[in-house]
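Colleague: Handing you this structure, nothing more for now.
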Amino acid sequence: MKYIIFCFTLLIYSCNSNKGTIKVKGSDTEVNLAVVLAEKFHDKNDSILISVSGGGSGLGIASLLNGTADIANSSRSINDEELQLFKKKNIQLSTFFFAQDAIAFVVSDQLPLDSINTKDLAKILSGDVKNWSSLIKQDIPINIYGRQNNSGTYEFVKKILNIHFSANAKQMNGNAQILESIKADNSGIGYVGAGYVMKGTTNGIKILKIFTVNSKAVSPLDEEKIASGSYFFQRPLFQYYKTQDYQKVKPFLDFEKTMEGLSIIKSSGYYPVKK
Amino acid sequence: MNANKRAITDWIFKQGFKTAGVVTIALLGGIFFMLLYNSISFFIKRSPLDFFTGSNWDPETNYSILPLIVSTAFVAIGSMVIAVPLGILTAAYISEFAPKKLQIILKPIIEMLAAIPSVAIGFLGIVLLGPVISVLFGIQNGLNALNGSILLSVMALPTIITISEDAINAVPKSHREASLALGANKWETLFKVTIPAAVPGLIAAVMLGLGRALGETMTVLMATGNAAAIPKNFLDSVRTITATIAIEMGEVPYQTTHYFALFAIASILFLITLVINLLGEYFANRLRKFHQ
C-alpha cells in the first residue's frame with residue numbers, strides 16, 4: 001500500500017515538473033536554430049526543459065492558441081485573421097523579435113545573370129514574364145521553384161513583393177529540393193533561406209544580388225548590409241507567447257539575448273538583431 | 001445450468017460484436033458529418049459556382065477546385081493507363097501460363113510491392129525517376145504528372161494484379177475446355193473467352209486500383225511538383241487534391257475560410273472515391289454471383 005502511494009506521489013510530482021517544460025513550436029526556418037539554443041540553454045539550466053518542434057509558422061500560432069505550445073516561432077508576423085481568434089479567446093499576445101533572416105534568390109551558375117531588380121523579380125514570380133529573354137540574351141522559358149504555400153518563406157516573398165505567385169510555380173518540399181532542382185535546371189529561379197546557402201556548398205548555383213529603384217545591388221551574404229537593414233528580402237524572426245506566460249518563458253528569452261545566444265544565432269546562419 | 005451458461009455467453013458475444021459494428025459505423029458517420037458540416041461552412045462564405053468553375057487555387061483570394069480535380073484526374077488516369085494493361089496481362093500470365101513453381105514465387109513478390117512505404121516510392125520519384133524523365137523528354141525538371149502516374153501505377157499494381165488474378169481464376173474450367181475443344185489455341189482462348197468472361201472482376205480490379213491511386217498522398221506530393229495551374233499535358237507539374245490538403249492543413253489558421261475550403265475539397269475527394277469504390281464493389285459482387 002505504501003508503495004502504491006509512493007508511486008502516486010511520484011506520478012503527481014512528475015506531472016508538476018512537467019509544467020517546467022517550455023514547449024516551442026512553429027516555423028521550420030527557425031526550428032534548427034531553436035534546437036541549438038534550447039540545447040545550450042539546457043546545459044546551463046537543467047531545471048527547465050525545452051521541447052522544440054517544427055511544422056510551420058501557422059501551426060506554431062495555432063498551437064499557441066489551443067494551448068499546446070508556450071512559444072510560437074514564426075517567420076512572419078501574425079495575420080489579422082489569427083489575431084481575431086486570439087481576441088475571441090481573450091488571450092493577450094506578446095512578441096519577441098529575436099533574429100533576422102534573409103532570403104536568397106538562386107539561379108543556375110550557367111545563367112548569365114548576376115543581379116536582378118525587385119520589379120523584374122515580381123514580374124517573374126507572378127508569371128507575367130515567362131521567358132528570360134527580357135533580361136538576358138537567351139530565349140529560354142523560366143521555371144520557378146518555390147516553397148509550398150504553408151511556408152513562412154512563401155508568405156514573406158509574396159507579401160513583400162505584393163504579388164500572387166504564378167500558378168505554374170513548382171512548390172518544392174524544402175530548401176534542399178529547390179537547390180537540387182536549380183542545379184539541374186539552367187532556366188530555373190528559386191528562393192531559399194540565406195542561412196541554408198551560407199552553410200551548404202554553392203556548386204552549380206549562383207546567388208543573385210538584389211537591387212531596387214533607389215538602392216545598389218546587395219548580396220544576402222553581406223552581413224553588414226543585412227545588419228544595416230539594406231537588403232530587400234530580409235525579415236524578422238518572431239517568437240510569440242501569451243503575455244500571462246511571460247514569467248514561464250522569460251529564462252529562455254533572456255538566454256537568447258545573451259552573448260552566447262547571439263553567437264549561436266550567427267553561427268546558425270541568421271543575423272542577430274542590432275539594438 | 002450448462003445450457004443457461006451457454007445462453008449467457010452467447011448473448012455477451014452477440015452484444016460485443018454488435019457494439020463493435022455500431023462503433024465502426026458511428027465513427028464513419030462522424031467523419032462524414034464533420035466533412036459535411038465544415039464544407040457547408042465553406043459554401044456559406046464562398047459561392048459554390050466559383051468553387052467549381054474558377055481556374056485558380058490561391059488561398060485567401062481564390063478557392064477553385066478545378067485545377068486540383070484536373071490534376072488528380074491526370075495522375076490517376078495516367079497511372080491506370082500504365083497499370084491496367086500491365087496488371088491484367090501479369091494476372092493472366094500468372095493464372096494461365098506460369099508453371100506452378102513460378103506462380104508460388106511470383107505471387108508473394110507482387111504482394112510485397114504493396115508493402116513499400118509511399119514515402120520511399122516518392123523519394124525514388126525525386127532522385128531516380130525525375131532525372132530520367134527530364135533527360136528522356138528534354139525538359140528542365142522531371143517532377144510532373146507523368147512521374148506521379150508512373151509511381152502510382154507501381155502502387156496500384158498489386159491491387160490490380162491480385163484481384164484480376166482471382167477474377168481470371170474464377171472463370172469456370174468448362175469455358176476454357178469448350179474453347180480448346182473447338183480448336184482455339186491458348187491465346188485465342190485467353191483473349192476471346194477467359195478475359196471477356198472475367199470482365200466484371202477486371203473492372204472491379206481497375207476501380208479498386210483507381211481508388212488507391214486517387215487517395216495516395218505522399219508519393220504525389222513529393223514527385224509531381226505541386227504547381228496549382230491546370231495542366232496541359234503530362235509533362236506539366238500538377239497538384240492533386242490530396243497533396244493540397246496535406247500541404248496546407250498543417251499551417252492553416254483554424255476556423256477560417258481557408259480551413260473550411262480544405263474540408264470542402266476533402267468532401268469532394270471523399271465523394272469521388274466513394275463512387276469509385278461502390279462501382280468496384282458492385283462489379284466484384286457480380287463476379288461472386290458468377291462464381292456460384
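Colleague: Within the range B:91-132, count every residue that is among the hydroxyl-bearing types (Ser, Thr, Tyr) and over 19 Å from residue B:213 (Cα atoms). Give the steps one after another, and end with the answer.
Modeller: So the first thing to find is which residues in the range B:91-132 are among the hydroxyl-bearing types (Ser, Thr, Tyr), and the list is B:93, B:95, B:118.
Then keep just the ones that are over 19 Å from residue B:213 (Cα atoms); that gives B:93, B:95.
Going through the range B:91-132 one residue at a time, the tally reaches 2.
Colleague: Listed residues B:244, B:240, B:194, B:273; which is of a type in the set (Val, Ile, Thr), more than 14 Å from every other protein chain (Cβ to nearest Cβ), within 30 Å of residue B:56 (Cβ to Cβ) and touching a residue at least 40 places away in the same chain (Cβ under 8 Å)?
Modeller: Working: B:244 fails: more than 14 Å from every other protein chain (Cβ to nearest Cβ); B:240 fails: more than 14 Å from every other protein chain (Cβ to nearest Cβ); B:194 fails: within 30 Å of residue B:56 (Cβ to Cβ).
It is B:273.
Colleague: Here is a further query. Mind counting the residues in the range B:240-257 that are more than 16 Å from residue B:34 (Cα to Cα), modelled with pLDDT of 85 or more and not hydroxyl-bearing (Ser, Thr, Tyr)?
Modeller: Within the range B:240-257, the subset more than 16 Å from residue B:34 (Cα to Cα) is B:240-244, B:246-248, B:250-253.
Applying the additional criterion that residues be modelled with pLDDT of 85 or more yields B:240-244, B:246-248.
Remaining after also requiring not hydroxyl-bearing (Ser, Thr, Tyr): B:241, B:243, B:246-248.
Residues flagged as more than 16 Å from residue B:34 (Cα to Cα), modelled with pLDDT of 85 or more and not hydroxyl-bearing (Ser, Thr, Tyr) within the range B:240-257 amount to 5.
Colleague: Given (1) open to solvent by less than 10 Å² (accessible area, probe 1.4 Å); (2) over 12 Å from the mean Cα position of the chain (by Cα); (3) more than 20 Å from residue A:147 (Cβ to Cβ), where does residue B:268 come up short, assuming only one miss?
Modeller: Going through the list (1) open to solvent by less than 10 Å² (accessible area, probe 1.4 Å); (2) over 12 Å from the mean Cα position of the chain (by Cα); (3) more than 20 Å from residue A:147 (Cβ to Cβ), residue B:268 breaks only (1).
Here's the yes/no breakdown for (1) out of contact with any Phe, Trp or Tyr (no Cβ under 9 Å at 6 or more places or on another chain); (2) among the aliphatic types (A, V, I, L, M); (3) open to solvent by 10 Å² or more (accessible area, probe 1.4 Å); (4) modelled with pLDDT under 90:
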| position | (1), (2), (3), (4) |
| --- | --- |
| B:177 | yes, no, yes, no |
| B:185 | yes, no, yes, no |
| B:195 | yes, yes, yes, no |
| B:218 | yes, yes, yes, no |
| B:238 | no, yes, no, no |
| B:264 | no, yes, no, no |
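Colleague: Could you run through the range A:252-266 and say how many residues are among the hydroxyl-bearing types (Ser, Thr, Tyr) and either open to solvent by 60 Å² or more (accessible area, probe 1.4 Å) or within 16 Å of the chain's Cα centre (by Cα) (or both)? Lay out the reasoning, then the answer.
Modeller: Restricting attention to the range A:252-266, the residues satisfying the condition of being among the hydroxyl-bearing types (Ser, Thr, Tyr) are A:258, A:263.
When the remaining residues are screened for being either open to solvent by 60 Å² or more (accessible area, probe 1.4 Å) or within 16 Å of the chain's Cα centre (by Cα) (or both), the result is A:263.
So the answer is 1.
Colleague: Still on this structure: Take the residues in the range B:51-109 that are buried (at least 19 other Cβ atoms within 10 Å of the Cβ) and aromatic (Phe, Trp, Tyr); name whichever of them is farthest from residue A:165 (Cα to Cα).
Modeller: Per the criteria, the residue is B:74.
Colleague: So residue A:107 ticks every box in (1) farther than 20 Å from residue A:33 by Cβ; (2) not assigned by TED's automatic domain parsing to the domain that holds residue A:159 but one. Which box is left unticked?
Modeller: Exception for residue A:107: condition (2).
Colleague: Six or more apart or on different chains, Cβ atoms under 7 Å: show the pairs whose first residue is in the range A:121-140 and without any contact (Cβ under 8 Å) to a residue 12 or more places away in the chain and whose second is assigned to a helix (DSSP H, G or I) and surrounded by fewer than 17 Cβ atoms within 10 Å (Cβ to Cβ).
Modeller: A:139/A:133
Colleague: Please go through the range B:110-131 and pick out each residue that is free of Cβ contacts under 8 Å to residues at least 60 places away in the same chain and open to solvent by less than 50 Å² (accessible area, probe 1.4 Å).
Modeller: B:110, B:120
Colleague: Now, a different point. Return yes or no: is residue B:169 touching an Asp or Glu at 6+ places or on another chain (Cβ under 8 Å) and either open to solvent by less than 20 Å² (accessible area, probe 1.4 Å) or more than 14 Å from every other protein chain (Cβ to nearest Cβ) (or both)? Steps first, please.
Modeller: Working: touching an Asp or Glu at 6+ places or on another chain (Cβ under 8 Å): no; either open to solvent by less than 20 Å² (accessible area, probe 1.4 Å) or more than 14 Å from every other protein chain (Cβ to nearest Cβ) (or both): yes.
Here the answer is no, as residue B:169 does not meet what is asked.
Colleague: Counting just the residues of the range A:222-251 that are in contact with a helix residue (DSSP H, G or I) (Cβ under 6 Å, 6 or more places away or on another chain) and either without any contact (Cβ under 8 Å) to a residue 40 or more places away in the chain or not in a strand (DSSP E or B) (or both), which one comes out least open to solvent (accessible area, probe 1.4 Å)?
Modeller: My answer is A:231.
Colleague: So if I check each of A:156, A:233, A:165, which one is within 13 Å of chain B (Cβ to nearest Cβ), aromatic (Phe, Trp, Tyr), touching a Ser or Thr at 6+ places or on another chain (Cβ under 9 Å) and under 30 Å from residue B:55 (Cβ atoms)?
Modeller: The conditions single out A:165.
Colleague: Quick one: would you say residue B:276 is modelled with pLDDT of 85 or more, open to solvent by 30 Å² or more (accessible area, probe 1.4 Å) and under 20 Å from the mean Cα position of the chain (by Cα)?
Modeller: Details: modelled with pLDDT of 85 or more: yes; open to solvent by 30 Å² or more (accessible area, probe 1.4 Å): no; under 20 Å from the mean Cα position of the chain (by Cα): yes.
Here the answer is no, as residue B:276 does not meet what is asked.
Colleague: Another one. Quick one: which of B:183, B:225, B:215, B:211 is away from chain A (no Cβ under 12 Å), of a type outside the set (Ser, Thr, Tyr) and at positive phi?
Modeller: Values: B:225 fails: away from chain A (no Cβ under 12 Å); B:215 fails: at positive phi; B:211 fails: at positive phi.
On inspection, the qualifying residue turns out to be B:183.
Colleague: Right, next: Got at least one residue in the range B:174-183 being in the same structural domain as residue B:114 (by TED's automatic domain parsing) and touching a residue at least 40 places away in the same chain (Cβ under 8 Å)? Talk me through it step by step, then tell me what you get.
Modeller: Within the range B:174-183, the first condition is being in the same structural domain as residue B:114 (by TED's automatic domain parsing), and the residues that meet it are B:174-183.
Remaining after also requiring touching a residue at least 40 places away in the same chain (Cβ under 8 Å): none.
No, there is no match, as no residue in the range B:174-183 is in the same structural domain as residue B:114 (by TED's automatic domain parsing) and touching a residue at least 40 places away in the same chain (Cβ under 8 Å).
Colleague: I need every pair where a residue in the range A:170-186 that is farther than 17 Å from residue A:197 by Cβ has its Cβ under 8 Å from the Cβ of a residue that is of a type in the set (Lys, Arg) and open to solvent by less than 60 Å² (accessible area, probe 1.4 Å), sequence separation at least 6 or different chains.
Modeller: A:171/A:147; A:171/B:239
Colleague: Since residue B:252 meets every condition but one in (1) over 26 Å from residue B:150 (Cα atoms); (2) more than 8 Å from chain A (Cβ to nearest Cβ), which condition does it not meet?
Modeller: Unmet condition: (2).
Colleague: Within the set of pairs 6 or more residues apart or between chains, which connect a residue that is touching a residue at least 12 places away in the same chain (Cβ under 8 Å) inside the range B:80-101 to a residue that is among the charged types (D, E, K, R) with Cβ atoms less than 6 Å apart?
Modeller: Partner pairs satisfying both residue conditions: B:91/B:165; B:94/B:165; B:95/B:165.
Colleague: Hey, another quick one. Applying the selection to the range B:132-160, what residues are open to solvent by 10 Å² or more (accessible area, probe 1.4 Å) and β-branched (Val, Ile, Thr)?
Modeller: Within the range B:132-160, B:132, B:135, B:139, B:150, B:154, B:159 meet the criteria.
The values are calculated or read from the model by the stated rules, or taken from the named source; none is laboratory data. No experiment lies behind these values; they were computed from the predicted model shown. As a convention, Cβ positions derive from the backbone with ideal geometry for all residues, glycine included, and neighbour counts pool all protein chains shown. With ligands, DNA and RNA removed, areas are computed over all heavy atoms of the protein, side chains included. Shrake-Rupley method; radii C 1.70, N 1.55, O 1.52, S 1.80 Å.
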